[in-house]
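Enquirer: Would you mind keeping the following structure in view while I ask a few things?
The values are calculated or read from the model by the stated rules, or taken from the named source; none is laboratory data. All values derive from a computational prediction rather than experimental measurement. Quick reminder, even Gly has a Cβ in these numbers, built from the backbone with ideal geometry, and neighbours come from all protein chains shown. Keep in mind that these areas ignore ligands, DNA and RNA; they rest on the heavy atoms of the full protein, side chains included. Shrake-Rupley method; radii C 1.70, N 1.55, O 1.52, S 1.80 Å.
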Amino acid sequence: PQKYLNKALHPLEIKHFDSIQENEARQMQYLATIWAVKEATIKATGKRLLFPDLQYTKNERNVPMLLFHNEALEWFKNEKLNEVLVSVSHDDGHTSAMV
């Protein structure tokens, strides 16, 4: 599991994942959310970005958002994309995301 986390998650996402380890269902929902958001981002951009360079988080109003790091940050700056809106839905064990 740690190898997958290192390959797919930003270090701060791993830290959050570890902080909810007492609740396996919540961990699985968190992983599904991260995967859905990052996959939607890659499909929307048409660019192969590394998952750890995309960081899913929430702002002070608990609104989902993405932060970019390393190559992803450079790509978004070059494309003059300063803000990406994120929507996440959970229903009956399924997670979907739109960016």
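Enquirer: For the chain, what does the helix formula give at 222 nm: sum of -39500 (n - 2.57) over DSSP H segments with n ≥ 4, over the residue count, nearest 500 deg cm²/dmol?
Expert: Values: 4 runs with 47 residues, N = 99.
Helix-only estimate at 222 nm: -14500 deg cm²/dmol.
Enquirer: Please give me, ordered by residue number, the GluC sites (Glu not before Pro) of segment 1-48 that lie in loop per DSSP and have at most 10 other Cβ atoms within 10 Å. Walk me through the numbers on the way to the answer.
Expert: Details: sites: Glu13, Glu22, Glu24, Glu39; in loops: Glu22.
Filter output for segment 1-48: Glu22.
Enquirer: Only loop residues by DSSP count here, and only those with at most 13 other Cβ atoms within 10 Å; note down the trypsin sites (Lys or Arg not before Pro) in segment 25-78 that meet that.
Expert: Passing sites in segment 25-78 are Lys47, Arg48, Arg61.
Enquirer: Something else about it: Can you tell me the accessible area per residue over the chain, all protein chains present, probe 1.4 angstrom, in square angstrom? Display every interim value, and only then the final one.
Expert: Working: 6890 Å² over 99 residues.
Counting only protein heavy atoms, the per-residue value for the chain is 70 Å².
Enquirer: Roll a 1.4 angstrom probe over the protein heavy atoms and tell me the percent of accessible area of the chain that is carbon or sulfur. Walk me through the intermediate numbers first.
Expert: Numbers: 3490 of 6890 Å².
About 51 percent, which is the carbon plus sulfur part of the accessible surface.
Enquirer: Hey, if you put +1 on the Cβ of every Lys and Arg and -1 on every Asp and Glu Cβ in the chain, which of Thr57, Thr45, Asn78 ends up farthest toward the positive end of that dipole?
Expert: Of Thr57, Thr45, Asn78, it is Asn78.
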